[in-house]
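First the structure, in the form of structure tokens, and then the observations on it.
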Amino acid sequence: AEGSPDQARVWGVLTRHGLMDRLSPWPLRLAGTFPLDVAVRGSDLDLLVEVSDVAAARSRLDDLFWQEEGYKRKTDTYGGVPAVVANFTCDGVPVEVFAQACPVEQQAGWLHLVAEARLLQACPAAMDPIRRLKIGGMKTEPAFALYFGLSGDPYADLARLAEAPEAEILALAAAKKDA
């Protein structure tokens, strides 16, 4: 609520629409570009949810959000774990609810957020170049990977960096300062 103008705007969306309240009592976290303050036009508000039963979650998400603008949902498997994903728009802000049958802290979206936050903390100068890459059409994980010179799969690399030793994060940041 007291962050950047973008962060305050999406906090308003979250509270006006009661999104976090509507998703309780499921454990959930806000992830993605808004908490990192690297959102650009069209960025979505990512809500990660832990569910025990994906089929029941699919039905519950339909009940909760069917009336929201552009509501659609799909069921798939991510990292070998079943999930249901609901997308819709609130006050012009795209929202994605990603509900998976595992703790939020083990979900790829959360691991990516943790790694990206660590990299930005070590190298705050990365924010503007990453935003520019995103404005140019790049997704968040590939933008971080390109900026920090990660050469593998950006999604796997960021998931690994979530728990990497601090020295590795600092080395990536230092390489950007020396470039």
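With Thr89, Thr77 as the choices, which residue is among the hydroxyl-bearing types (Ser, Thr, Tyr), out of contact with any helix residue (DSSP H, G or I) (no Cβ under 9 Å at 6 or more places or on another chain) and open to solvent by less than 50 Å² (accessible area, probe 1.4 Å)?
Thr89
Quick check on my filter: what residues within region 18-67 are among the small types (Gly, Ala, Ser) and under 30 Å from Leu120 (Cβ atoms)?
Matches in region 18-67: Gly18, Ser24, Ala31, Gly32, Ala39, Gly42, Ser43.
Which residue is least open to solvent (accessible area, probe 1.4 Å), if the candidates are limited to region 21-45 and must be among the aliphatic types (A, V, I, L, M) and out of contact with any helix residue (DSSP H, G or I) (no Cβ under 7 Å at 6 or more places or on another chain)?
Taking the candidates together, the pick is Leu23.
Report yes if Gly149 is free of Cβ contacts under 8 Å to residues at least 12 places away in the same chain and either touching a Ser or Thr at 6+ places or on another chain (Cβ under 7 Å) or loosely packed, with under 13 Cβ neighbours inside 10 Å (or both), otherwise no.
For Gly149, the condition - free of Cβ contacts under 8 Å to residues at least 12 places away in the same chain and either touching a Ser or Thr at 6+ places or on another chain (Cβ under 7 Å) or loosely packed, with under 13 Cβ neighbours inside 10 Å (or both) - is not met.
Mind checking which helices (runs of 4 or more DSSP H) fall wholly inside region 64-179 and carry at least 3 residues that are basic (Lys, Arg) and out of contact with any Gly (no Cβ under 8 Å at 6 or more places or on another chain)? Explain how you work it out, then say what you get.
Working: elements: 108-122, 127-135, 140-148, 154-161, 166-178.
Here the list reads 127-135.
Looking at region 1-20 only, could you name the residues that are in contact with a helix residue (DSSP H, G or I) (Cβ under 8 Å, 6 or more places away or on another chain) and surrounded by 13 or more Cβ atoms within 10 Å (Cβ to Cβ)?
First, pick out the residues of region 1-20 that are in contact with a helix residue (DSSP H, G or I) (Cβ under 8 Å, 6 or more places away or on another chain): 1-3, 6-7, 10, 13-14, 19-20.
Gly3, Asp6, Gln7, Val10, Val13, Leu14, Leu19, Met20 - these are the residues of region 1-20 that are in contact with a helix residue (DSSP H, G or I) (Cβ under 8 Å, 6 or more places away or on another chain) and surrounded by 13 or more Cβ atoms within 10 Å (Cβ to Cβ).
Only one of (1) touching a strand residue (DSSP E or B) at 6+ places or on another chain (Cβ under 8 Å); (2) in a helix (DSSP H, G or I); (3) open to solvent by 40 Å² or more (accessible area, probe 1.4 Å); (4) under 21 Å from Met138 (Cα atoms) fails for Arg58. Which number is that?
Here Arg58 clears every test but (4).
The values are calculated or read from the model by the stated rules, or taken from the named source; none is laboratory data. Since this is a predicted model, take the numbers as computed values, not measurements. Ideal geometry is used to build each Cβ from the backbone, glycine not excepted, and the neighbour counts take in all protein chains shown. Only protein heavy atoms, including side chains, enter the accessible area calculation; ligands, DNA and RNA are left aside. Shrake-Rupley method; radii C 1.70, N 1.55, O 1.52, S 1.80 Å.
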